[in-house]
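Report on the structure given below.
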């Protein structure tokens with residue numbers, strides 16, 4: 001559906017919970033259960049004003065996707081994800097995975113043999 | 001990879017069942033009726049029960065060589081009983097005398113008491129990874145401090161609130177605190193997180209076996 005005049009849809013992806021593989025710079029991989037995925041598909045705005053200071057033109061520029069998720073370790077031998085590792089997430093109903101960089105790895109929490117780690121993500125562009 | 005968990009056969013139903021169990025455990029913490037263990041009425045487990053059990057060095061919290069006996073079990077029931085009255089020896093002796101005659105055998109009661117305690121501590125906070133730092137206060141002090149700061153509760157109010165309620169509220173306090181600081185905290189749901197991990201593990205193993213079988217067939221062909 002196209003966006004109504006004067007609006008731009010934002011954050012329309014649904015991600016669910018998914019099994020993901022992280023690939024770090026040494027090309028070693030690890031599998032995690034990605035949960036609580038919260039990705040923002042935003043934009044920034046440039047505005048131009050007329051002589052009276054009223055905005056009369058603007059343009060929205062896409063910004064890379066960014067967000068957060070929680071990674072549950074797949075088993076006791078899985079290591080915590082590394083910063084700048086690449087992870088591909090697939091939106092629910094979408095067939096194209098989108099690559100993200102892990103930009104922040106939070107504090108791991110453990111109970112009864114389960115471990116979860118919050119991470120922050122930024123879309124990988126190249 | 002990018003496999004949606006909903007696509008893993010059987011996981012959706014198993015997760016629904018796990019979440020229902022978690023939901024039941026959490027909701028029952030807010031129902032103000034006495035619980036029952038093997039026909040004996042007990043209150044929901046509260047910090048003041050833990051304090052008293054620790055004072056009498058109950059073997060349910062202190063390891064010792066000799067097995068847990070009927071007297072230990074009866075004392076546990078007295079402390080968590082709705083009839084408990086500190087310092088009232090006459091009532092205690094009557095209660096214990098009557099209870100010792102009708103208690104089932106230890107092998108029946110002990111697992112039920114363990115289950116009651118496990119349910120009370122179901123939402124106990126997760127441990128941070130890495131070496132634990134030395135404690136600077138006891139658990140009761142931590143709870144009194146957290147609930148005093150968050151809800152302005154008195155120490156008595158906190159110590160008389162079931163652990164099963166306190167730990168759920170503590171999760172929300174920590175979630176909100178992290179959100180105010182722009183952080184996110186990971187919370188683990190004991191039953192559903194385990195179900196997810198076990199299903200994913202089994203799914204990945206079967207996918208690996210399938211791909212190895214296909215590779216083998218291709219090589220033979």
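Any read-out appearing in this document is the output of simple, stated calculations on the displayed coordinates, not a laboratory observation. Bear in mind the structure is a predicted one, so any value in this text is a computation, not a measurement. Quick reminder, even Gly has a Cβ in these numbers, built from the backbone with ideal geometry, and neighbours come from all protein chains shown.
Neighbour counts of C-beta atoms inside 10 Å place B:56, B:185, A:59, A:87 in the sequence A:59, B:56, B:185, A:87, starting with the fewest. Straightening the chain between residue A:48 and residue A:107 buys 16.9 nm, computed as 0.36 nm per residue apart minus the Cα-Cα spacing. Can you pull a Stokes-Einstein diffusion coefficient for the protein assembly as shown at 37 °C (0.692 mPa s), Rh from Kirkwood over Cα pairs, as a whole number of µm²/s? It diffuses with D of about 134 µm²/s by this estimate.
Take the Kirkwood radius over Cα pairs of segment B:69-197, plug it into Stokes-Einstein at 37 °C and 0.692 mPa s, and you get 184 µm²/s for translational diffusion. For segment B:137-186, the normalised intensity computed at q = 0.17, 0.20 Å⁻¹ comes to -0.51, -0.68 (log10 of I(q)/I(0), Debye sum over alpha carbons, equal scatterers, no solvent). Taking only the Cα atoms of segment A:18-123, the ratio Rg/Rh comes out at 1.18, with Rh defined as the Kirkwood radius. Angle between the Cα long axis of helix B:190-220 and the longest principal axis of chain B, 0 to 90 degrees, nearest 10? The angle comes out at about 20 degrees. The mean number of partner chain beta-carbon atoms within 10 angstrom of a residue's beta-carbon across peptide A:58-70 is 1.
By the count of other C-beta atoms within 10 Å, a proxy for reagent exposure, B:193, B:81, B:27 are ordered fewest to most as B:27, B:81, B:193.
Counted by neighbouring Cβ atoms within 10 Å, the residues B:26, B:213 run from fewest to most as B:213, B:26. Seen through its C-alpha gyration tensor, with square-root eigenvalues sorted a ≥ b ≥ c, segment B:32-120 comes out rounded because a/c lies under 1.5.
Distance from the Cα centroid of segment B:41-70 to that of segment A:62-108 is 44 Å (rounded to whole angstrom). In this entry, chain B is assigned a mean projected area of 19.0 nm², taken as a quarter of its C-alpha convex hull surface.
Applying a 10 Å radius around every beta-carbon, put A:116-123, A:50-57 in order of their mean neighbour count, most first.
For the peptides A:116-123, A:50-57, the packing ranking is A:116-123, A:50-57.
Computed from Cα atoms, the angle from the helix B:89-102 axis to the main principal axis of chain B rounds to 50 degrees.
How well do other chains shield peptide B:179-187, expressed as the mean number of their Cβ atoms within 10 Å of each residue Cβ? Kindly include the intermediate steps, with their values, before the conclusion.
Working: counts 0, 0, 0, 0, 6, 11, 6, 17, 6.
Neighbouring Cβ atoms belonging to other protein chains average 5 per residue here.
How high is the relative contact order of chain A? Use alpha-carbon pairs under 8 Å, at least six apart in sequence, and give a whole percent. Please report the intermediate quantities before stating the final value.
On the way: 261 pairs, mean separation 29.6, N = 126.
23 percent.
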